[in-house]
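The values are calculated or read from the model by the stated rules, or taken from the named source; none is laboratory data. All values reported here derive from a predicted model rather than from experimental measurement. Cβ sites come from the backbone with ideal geometry, for glycine too, and all protein chains shown count toward neighbours.
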Amino acid sequence: MPEETIHEEKRSRTRQALATYFRRIARALGRGEPVPVDDAGTVTVDPTAEPDVEVELEREDGTVQFEVEMEFEESETEVDEDAAASNASFELYADSADQHRWRLIHDNGNIIADGSEGYADKRDARSGIESVQRNAPGAHVVDVSRDEEAPDDGGSDATFELYADSADQFRWRLRHDNGNIVADGGQGYASKQKAKQGLRSVKTNAPGAAVEETNG
(Lines give C-alpha, C1' and ligand atoms only; values in the text may rest on other atoms or scores of the structure.)
Protein backbone atom coordinates (compact mmCIF):
# COMPACT_ATOMS: atom_id res chain seq x y z
CA MET A 1 0.00 0.00 0.00
CA PRO A 2 1.42 3.46 -0.91
CA GLU A 3 2.33 5.85 1.93
CA GLU A 4 -0.52 8.13 3.02
CA THR A 5 0.00 11.32 5.00
CA ILE A 6 -2.97 11.69 7.34
CA HIS A 7 -1.87 14.93 9.02
CA GLU A 8 1.19 17.16 8.71
CA GLU A 9 2.06 20.63 9.98
CA LYS A 10 5.23 22.61 10.51
CA ARG A 11 5.56 25.87 12.42
CA SER A 12 7.63 27.52 15.11
CA ARG A 13 6.65 26.93 18.74
CA THR A 14 7.91 28.33 22.01
CA ARG A 15 9.54 25.95 24.47
CA GLN A 16 6.49 26.39 26.71
CA ALA A 17 4.11 25.48 23.89
CA LEU A 18 6.20 22.42 23.07
CA ALA A 19 6.12 21.35 26.72
CA THR A 20 2.33 21.65 26.73
CA TYR A 21 2.00 19.62 23.54
CA PHE A 22 4.25 16.81 24.73
CA ARG A 23 2.59 16.86 28.15
CA ARG A 24 -0.79 16.23 26.50
CA ILE A 25 0.70 13.32 24.56
CA ALA A 26 2.31 11.87 27.70
CA ARG A 27 -0.92 12.21 29.68
CA ALA A 28 -2.93 10.43 26.98
CA LEU A 29 -0.36 7.63 26.73
CA GLY A 30 -0.29 7.21 30.49
CA ARG A 31 -4.07 6.97 30.70
CA GLY A 32 -4.40 4.66 27.71
CA GLU A 33 -6.43 7.31 25.85
CA PRO A 34 -6.26 8.35 22.16
CA VAL A 35 -3.23 10.57 21.56
CA PRO A 36 -3.83 14.07 20.11
CA VAL A 37 -1.82 14.61 16.91
CA ASP A 38 -2.57 18.33 16.48
CA ASP A 39 -3.02 21.11 19.05
CA ALA A 40 -6.79 21.18 18.68
CA GLY A 41 -7.09 17.41 19.02
CA THR A 42 -9.04 17.14 15.78
CA VAL A 43 -6.84 14.18 14.77
CA THR A 44 -6.04 11.42 17.26
CA VAL A 45 -4.35 8.05 17.14
CA ASP A 46 -4.94 5.20 19.60
CA PRO A 47 -1.70 3.17 19.42
CA THR A 48 -0.90 -0.35 20.55
CA ALA A 49 0.23 -0.93 24.10
CA GLU A 50 3.92 -1.24 23.14
CA PRO A 51 4.74 0.71 19.96
CA ASP A 52 8.23 0.71 18.48
CA VAL A 53 9.95 4.02 19.27
CA GLU A 54 12.85 5.55 17.35
CA VAL A 55 14.73 8.59 18.67
CA GLU A 56 17.17 10.32 16.34
CA LEU A 57 19.34 13.43 16.62
CA GLU A 58 20.86 14.64 13.34
CA ARG A 59 23.06 17.54 12.29
CA GLU A 60 23.11 18.63 8.65
CA ASP A 61 23.80 21.86 6.75
CA GLY A 62 23.78 24.05 9.84
CA THR A 63 20.58 22.66 11.38
CA VAL A 64 19.92 20.09 14.09
CA GLN A 65 16.93 17.75 13.90
CA PHE A 66 15.55 15.96 16.94
CA GLU A 67 13.02 13.34 15.88
CA VAL A 68 10.87 11.03 17.98
CA GLU A 69 8.96 8.47 15.92
CA MET A 70 6.46 5.85 17.05
CA GLU A 71 5.46 2.95 14.83
CA PHE A 72 2.62 0.49 15.34
CA GLU A 73 0.64 -2.05 13.34
CA GLU A 74 -2.29 -0.48 11.50
CA SER A 75 -4.50 -3.45 12.34
CA GLU A 76 -4.04 -2.69 16.05
CA THR A 77 -4.35 1.08 15.77
CA GLU A 78 -7.35 3.41 15.52
CA VAL A 79 -7.00 6.78 13.76
CA ASP A 80 -9.75 9.40 14.16
CA GLU A 81 -9.57 12.30 11.70
CA ASP A 82 -12.61 14.09 13.18
CA ALA A 83 -12.01 13.65 16.89
CA ALA A 84 -12.71 17.08 18.30
CA ALA A 85 -16.41 17.22 17.58
CA SER A 86 -17.46 20.46 19.24
CA ASN A 87 -20.81 21.26 20.83
CA ALA A 88 -20.39 24.94 20.03
CA SER A 89 -19.64 27.29 17.15
CA PHE A 90 -18.02 30.70 16.80
CA GLU A 91 -20.22 33.47 15.39
CA LEU A 92 -18.36 36.29 13.66
CA TYR A 93 -20.49 39.42 13.30
CA ALA A 94 -20.46 43.23 13.04
CA ASP A 95 -21.96 45.25 15.89
CA SER A 96 -23.94 48.51 15.65
CA ALA A 97 -20.67 50.47 15.42
CA ASP A 98 -19.47 48.32 12.49
CA GLN A 99 -16.85 46.70 14.70
CA HIS A 100 -16.17 43.01 14.04
CA ARG A 101 -16.77 40.78 17.03
CA TRP A 102 -17.07 37.10 17.86
CA ARG A 103 -18.90 34.95 20.37
CA LEU A 104 -18.81 31.23 21.11
CA ILE A 105 -22.31 29.77 21.29
CA HIS A 106 -23.07 26.34 22.70
CA ASP A 107 -25.55 24.12 20.88
CA ASN A 108 -27.99 24.77 23.73
CA GLY A 109 -28.03 28.45 22.73
CA ASN A 110 -25.92 29.80 25.60
CA ILE A 111 -23.05 32.19 24.86
CA ILE A 112 -20.11 30.60 26.67
CA ALA A 113 -17.41 33.07 25.57
CA ASP A 114 -16.96 36.26 23.61
CA GLY A 115 -14.19 38.59 22.55
CA SER A 116 -13.26 41.41 24.87
CA GLU A 117 -13.23 44.03 22.13
CA GLY A 118 -14.38 44.92 18.64
CA TYR A 119 -12.03 45.02 15.66
CA ALA A 120 -11.99 47.37 12.70
CA ASP A 121 -10.68 44.57 10.47
CA LYS A 122 -12.48 41.24 10.22
CA ARG A 123 -9.13 39.49 9.88
CA ASP A 124 -8.16 40.67 13.36
CA ALA A 125 -11.37 39.23 14.77
CA ARG A 126 -10.56 35.90 13.12
CA SER A 127 -7.06 36.06 14.60
CA GLY A 128 -8.69 36.50 18.01
CA ILE A 129 -10.77 33.36 17.45
CA GLU A 130 -7.68 31.43 16.38
CA SER A 131 -5.84 32.57 19.52
CA VAL A 132 -8.64 31.18 21.69
CA GLN A 133 -8.73 27.91 19.76
CA ARG A 134 -4.98 27.56 20.07
CA ASN A 135 -4.52 28.64 23.69
CA ALA A 136 -7.67 27.69 25.60
CA PRO A 137 -7.17 23.89 25.75
CA GLY A 138 -3.82 24.01 27.56
CA ALA A 139 -4.22 27.26 29.50
CA HIS A 140 -3.62 27.16 33.25
CA VAL A 141 -6.43 28.35 35.53
CA VAL A 142 -5.54 30.75 38.36
CA ASP A 143 -7.69 32.30 41.09
CA VAL A 144 -6.88 36.01 41.12
CA SER A 145 -8.70 36.52 44.44
CA ARG A 146 -6.14 34.21 46.05
CA ASP A 147 -3.21 35.88 44.31
CA GLU A 148 -2.44 32.64 42.46
CA GLU A 149 0.07 32.73 39.63
CA ALA A 150 0.37 30.37 36.69
CA PRO A 151 3.19 27.80 36.91
CA ASP A 152 6.26 28.57 34.85
CA ASP A 153 6.16 25.25 33.03
CA GLY A 154 3.51 23.80 30.78
CA GLY A 155 0.37 25.69 29.91
CA SER A 156 -0.13 27.72 26.74
CA ASP A 157 0.52 31.33 25.79
CA ALA A 158 -2.54 32.41 27.81
CA THR A 159 -4.03 31.91 31.28
CA PHE A 160 -7.61 31.65 32.53
CA GLU A 161 -8.14 34.10 35.40
CA LEU A 162 -10.98 33.57 37.90
CA TYR A 163 -12.12 36.69 39.76
CA ALA A 164 -15.06 38.32 41.53
CA ASP A 165 -16.59 41.48 40.07
CA SER A 166 -18.03 44.49 41.95
CA ALA A 167 -21.36 42.66 42.36
CA ASP A 168 -19.64 39.63 43.93
CA GLN A 169 -20.31 37.58 40.82
CA PHE A 170 -17.61 35.16 39.74
CA ARG A 171 -16.20 35.63 36.25
CA TRP A 172 -13.36 34.37 34.08
CA ARG A 173 -11.17 35.91 31.41
CA LEU A 174 -8.50 34.44 29.17
CA ARG A 175 -5.44 36.67 29.26
CA HIS A 176 -2.60 36.28 26.76
CA ASP A 177 0.98 36.44 27.98
CA ASN A 178 1.26 39.82 26.23
CA GLY A 179 -1.34 41.19 28.68
CA ASN A 180 -4.28 41.31 26.26
CA ILE A 181 -7.60 39.75 27.28
CA VAL A 182 -8.55 37.56 24.32
CA ALA A 183 -11.83 36.17 25.70
CA ASP A 184 -14.18 36.32 28.66
CA GLY A 185 -17.29 34.55 29.86
CA GLY A 186 -19.65 37.43 29.09
CA GLN A 187 -21.57 36.88 32.33
CA GLY A 188 -21.19 36.53 36.08
CA TYR A 189 -21.84 33.34 38.04
CA ALA A 190 -23.23 32.95 41.55
CA SER A 191 -20.50 30.47 42.48
CA LYS A 192 -16.86 30.00 41.61
CA GLN A 193 -17.61 26.39 40.68
CA LYS A 194 -20.08 27.53 38.00
CA ALA A 195 -17.48 29.91 36.58
CA LYS A 196 -15.00 27.03 36.42
CA GLN A 197 -17.56 24.90 34.60
CA GLY A 198 -18.03 27.72 32.10
CA LEU A 199 -14.34 28.02 31.26
CA ARG A 200 -13.97 24.22 31.09
CA SER A 201 -16.68 24.23 28.43
CA VAL A 202 -14.59 26.71 26.45
CA LYS A 203 -11.48 24.55 26.87
CA THR A 204 -13.41 21.57 25.49
CA ASN A 205 -15.45 23.17 22.73
CA ALA A 206 -13.33 26.02 21.35
CA PRO A 207 -10.66 23.99 19.50
CA GLY A 208 -12.99 22.17 17.11
CA ALA A 209 -15.73 24.80 16.87
CA ALA A 210 -16.71 25.94 13.37
CA VAL A 211 -16.61 29.66 12.53
CA GLU A 212 -19.78 31.10 11.01
CA GLU A 213 -20.36 34.65 9.83
CA THR A 214 -23.73 36.12 10.83
CA ASN A 215 -25.54 39.44 10.64
CA GLY A 216 -25.17 40.05 14.35
Within segment 1-25, residues of a type in the set (A, V, I, L, M) and either within 16 Å of Ser156 (Cα to Cα) or in contact with a helix residue (DSSP H, G or I) (Cβ under 8 Å, 6 or more places away or on another chain) (or both) come out as Ala17, Leu18, Ala19, Ile25
Among residues of segment 188-203 being without any contact (Cβ under 8 Å) to a residue 24 or more places away in the chain and outside any strand (DSSP E or B), the residue farthest from Ala136 (Cα to Cα) is Ala190
Restricted to segment 12-31 and to residues being over 18 Å from Glu69 (Cα atoms) and free of Cβ contacts under 8 Å to residues at least 40 places away in the same chain, the residue nearest to the chain's Cα centre (by Cα) is Arg13
In segment 168-186, residues that are surrounded by 14 or more Cβ atoms within 10 Å (Cβ to Cβ) and more than 22 Å from Asp38 (Cβ to Cβ) total 10
Only unsatisfied item for Val79, checking (1) in contact (Cβ under 8 Å) with a residue 24 or more places away in the chain; (2) under 18 Å from the mean Cα position of the chain (by Cα); (3) farther than 30 Å from Asn215 by Cα, is (2)
When you check Ser191 against the structure, is it touching a Ser or Thr at 6+ places or on another chain (Cβ under 7 Å) and either loosely packed, with under 14 Cβ neighbours inside 10 Å or at pLDDT below 90 (or both), yes or no? no
Could you tell me whether Ala150 is closer than 13 Å to Leu92 by Cα, without any contact (Cβ under 8 Å) to a residue 40 or more places away in the chain and aliphatic (A, V, I, L, M)?
no
Over segment 61-73, the set of residues more than 17 Å from Tyr21 (Cβ to Cβ) and either touching a residue at least 40 places away in the same chain (Cβ under 8 Å) or of a type in the set (A, V, I, L, M) (or both) is Val64
With respect to Asn108, is the statement that it is farther than 17 Å from Ala195 by Cα and buried (at least 19 other Cβ atoms within 10 Å of the Cβ) true? no
Filter segment 128-161 for residues that are outside any loop (DSSP other than H, G, I, E, B), small (Gly, Ala, Ser) and at pLDDT 90 or above; the one that is nearest to Lys196 (Cα to Cα) is Ala158
In segment 162-187, residues that are part of a strand (DSSP E or B), closer than 22 Å to Asn110 by Cβ and either out of contact with any helix residue (DSSP H, G or I) (no Cβ under 7 Å at 6 or more places or on another chain) or modelled with pLDDT under 90 (or both) total 3
Note on Ile6: of the conditions (1) surrounded by 14 or more Cβ atoms within 10 Å (Cβ to Cβ); (2) in contact (Cβ under 8 Å) with a residue 40 or more places away in the chain; (3) part of a loop (DSSP other than H, G, I, E, B), unmet is (1)
Taking first residues from segment 46-60 that are free of Cβ contacts under 8 Å to residues at least 24 places away in the same chain and part of a loop (DSSP other than H, G, I, E, B) and second residues anywhere that are of a type in the set (A, V, I, L, M) and surrounded by fewer than 10 Cβ atoms within 10 Å (Cβ to Cβ), the pairs with Cβ under 9 Å that are 6 or more apart or on different chains are none
